[in-house]
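Input: a single structure, listed below in structure tokens.
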There are 2 protein chains.
Amino acid sequence: MRPFRVGVLVSGSGTNLQAVLDSVHREEGIEVVCVAANRAEAEGLARAETAGVETAVFPVAEHATRTARDEALAEFLTAHEVDLVVLAGFMELLSPGFVGRFEGRMINVHPSLLPAFPGVRAIEQAIEYGVRVTGVTVHFVDEGVDTGSILLQEAIELPYAPDIERVEQTIHAAEHRLLPEAIRLIARGALREERGEAGKRRRIVIEGGRHGEH
Amino acid sequence: MRPFRVGVLVSGSGTNLQAVLDSVHREEGIEVVCVAANRAEAEGLARAETAGVETAVFPVAEHATRTARDEALAEFLTAHEVDLVVLAGFMELLSPGFVGRFEGRMINVHPSLLPAFPGVRAIEQAIEYGVRVTGVTVHFVDEGVDTGSILLQEAIELPYAPDIERVEQTIHAAEHRLLPEAIRLIARGALREERGEAGKRRRIVIEGGRHGEH
């Protein structure tokens, strides 16, 4: 049987990629078929190579425009016939054309309980605000910043005077659980995104009853 | 010893008031000394009377302006020497003068994990957005809409296709736990609000170590 083909985009250390490689890659009919980075220094590239996964680097500076870079990146993913694009700590916004091309087939992991604290520095934002509960969200990617349909969320309690490093560890550990779980649920067809009428919110549809429920 | 004196404001059914009356009123040195409503039909008034607590009604329509109503309400609370004002389902915004008068001594319970879904219809907002985790927040009241310093939060998981009535029940049950708990923590001096420099966020300060931690 053809595996469920996953392409992963990284920018940094690639610990979320590692969690995916360790837990779903070449298991349950899932295969990470390619990993792309926006910078050659992304440590995630070495993790992919160690796992025998093909890699490529697409720096904006090596293309005429950001849109041209995104087109090249989209071609790379399409050439690898990916069923799902996973943003695993990919730190650049992707152009609307790219997002549209992978509509309903691209997910991101974000270190807060969206819609609270979208954008960069989400963990710091939550600590500065003084919330007692934050968490992790896996969501489909749309044109907005962290505004897409939510697949999975996990809550994490914060102490009154949180130590940021300890919070980061806890949040990242939750990311490493939730992102592979989301890939598994999509691969087995348990969850998909259903686009509503124009202007209406998209919904997550559960196939085959509630077995896929988190 | 003088009890810790609490005044409660209600608009509707008063189930949060009931939770306070049942769990902290005349216990641990706490006393609900008065209950005020913005409308005579608020069922919370009868709950207060049953508990032997003095009540009063302050409809905006019976005062020249909303500010005048808020001043009368503030006088009523001050005459009862309240140490803490508790908004328990009080459905009107209070004027800046009123808020300033009870700064750091007024709390509210809100049916979401703030800063997500402030304002009215918070439970419906969360369900419409499609979050997998929502919850309850108890916070100090400032001039904004549900923007004050957070005292307590509790997360609640939602199913993919939530039944609103069941979610409301779960949220309200959490409110009935968290609001009395917040009153207890403030009464025993475990938590207070510390105002920072102008423009800076206020913080919750924990007295006597971390015993008060939720």
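Keeping the other protein chains in place, figure out the carbon and sulfur percent of the accessible area of the stretch A:1-102, with a 1.4 Å probe. Using a 1.4 Å probe with all protein chains present, the stretch A:1-102 comes out at 53 percent carbon and sulfur.
Its DSSP H runs of at least 4 residues, each contributing -39,500 (n - 2.57), put the calculated 222 nm mean residue ellipticity of chain A at -9500 deg cm²/dmol, to the nearest 500. Amide hydrogen proximity for A:Val133: with H placed 1.01 Å from N in the peptide plane, the residues at 5 or more positions away or on another chain lying under 5 Å are A:Leu158. Across the stretch B:108-214, the relative contact order, built from alpha-carbon pairs under 8 Å that are at least six residues apart, equals 23 percent. The 3J(HN,Hα) values that the Karplus relation (6.51, -1.76, 1.60; θ = phi - 60°) gives for the stretch B:36-48 are, in residue order, 10, 10, 8, 8, 5, 7, 4, 5, x, 4, 5, 4, 5 Hz. Gly and Pro appear as x.
Would you mind classifying the stretch A:88-196 by shape? Square roots of the alpha carbon gyration tensor eigenvalues, ordered a ≥ b ≥ c; an a/c under 1.5 is rounded, otherwise it is prolate if a/b is larger than b/c and oblate if not. It comes out prolate by the Cα gyration axes. Using a probe of 1.4 Å, the accessible surface attributed to B:Phe58 totals some 20 Å² when neighbouring protein chains are kept in position. 3J(HN,Hα) along the stretch B:153-160, derived from phi through the Karplus expression 6.51 cos²θ - 1.76 cosθ + 1.60 where θ = phi - 60°, amounts to 9, 9, 8, 9, 6, 10, x, 5 Hz, with x in place of Gly and Pro. Normalising the Debye intensity of the protein assembly as shown to I(0), with uniform scatterers on Cα atoms only, and taking log10 at q = 0.08 Å⁻¹ returns -0.53.
Counted over the protein assembly as shown, the DSSP beta bridges are approximately 45% antiparallel. Solvent-accessible surface of the stretch B:73-214, taken per residue with a 1.4 Å probe and all protein chains present: 42 Å². For the pair the stretch A:69-131 / the stretch B:17-79, the C-alpha centres are spaced 49 Å from each other.
The largest accessible area among B:Arg195, A:Arg188, A:Arg132 belongs to the first residue in A:Arg188, B:Arg195, A:Arg132, and the rest follow in falling order (1.4 Å probe, all chains).
For B:Ala61, the shell of other residues with beta-carbons less than 11 Å away shows a net charge of +2, using +1 for Lys and Arg and -1 for Asp and Glu. Taking amide H as placed 1.01 Å from N in the peptide plane, A:Val8 has its amide H under 5 Å from the amide H of A:Cys34, A:Val35, A:Ala36, A:Val86, each at least 5 places away in sequence or on another chain. Spin-label model, A:Glu28 to B:Arg203: label points 7 Å out along the Cα-to-beta-carbon direction sit 4.2 nm apart. With its label point defined 7 Å out from Cα along the Cα-to-Cβ axis, B:Glu157 lies at 1.6 nm from the matching points of the other copies, in increasing order. Interface residues of the stretch A:122-157, defined as those losing at least 40 Å² of solvent-accessible heavy-atom surface relative to the isolated chain (probe radius 1.4 Å), are listed as A:Tyr129, A:Arg132, A:Val133, A:Ile150, A:Gln153. If you take the beta carbon distance between B:Ala40 and A:Gln169 as r and set R0 to 45 Å, what does 1/(1 + (r/R0)^6) give as a FRET efficiency, to the nearest 0.05? Computed FRET efficiency for B:Ala40 and A:Gln169 comes out at 0.25.
Relative to the other identical copies, A:Ala64 shows label-point distances of 7.2 nm, where the label point lies 7 Å from Cα along the Cβ direction and values run shortest first. Dividing the mean sequence gap of close Cα pairs (under 8 Å, 6+ apart) by how many residues the stretch B:1-160 holds gives a relative contact order of 19 percent.
Chains B and A together bury roughly 2400 Å² of accessible area, counting both sides, with a 1.4 Å probe on protein heavy atoms only.
Extending 7 Å from the Cα toward the beta-carbon at both A:Arg66 and A:Arg177 defines two label points whose distance is 3.5 nm.
The values are calculated or read from the model by the stated rules, or taken from the named source; none is laboratory data. Predicted model only: the values in this text are computed from it and were never measured. Because the Cβ atoms are built from the backbone with ideal geometry, glycine has one as well, and the counts that use them run over all protein chains shown. These accessible areas exclude ligands, DNA and RNA; they are computed on the full protein's heavy atoms, side chains included. Shrake-Rupley method; radii C 1.70, N 1.55, O 1.52, S 1.80 Å.
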